[in-house]
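Reviewing the structure listed below.
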Amino acid sequence: MADRAGSDGPPAIALAVRAGAALDCLNIALEYWTASDGRLDLVTLLDEAFASLKG
């Protein structure tokens, strides 16, 4: 993350928080998809998860 942000040091906390939130969105979407035995659309679940971050 630091390289992509153009920093030599550790990533800024905001970048780490965004990465963590993205991973949580993925994990939650996967949990819902798995619980539905694949009946729910994973892409839709991911879209919903990320949209929920916007409020």
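Bear in mind that the values in this text are calculations on the coordinates, not laboratory data. The structure displayed is predicted, hence computed values, not measured ones. No Cβ is skipped: glycine too gets one built from the backbone with ideal geometry, and neighbour counts run over all protein chains shown.
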* Any idea how far apart residue 15 and residue 42 come out in nm if each label point goes 7 Å out from Cα toward Cβ? -> 2.8 nm
* Global size of the chain as Cα Rg and Dmax, reported in angstrom -> 14.3, 44
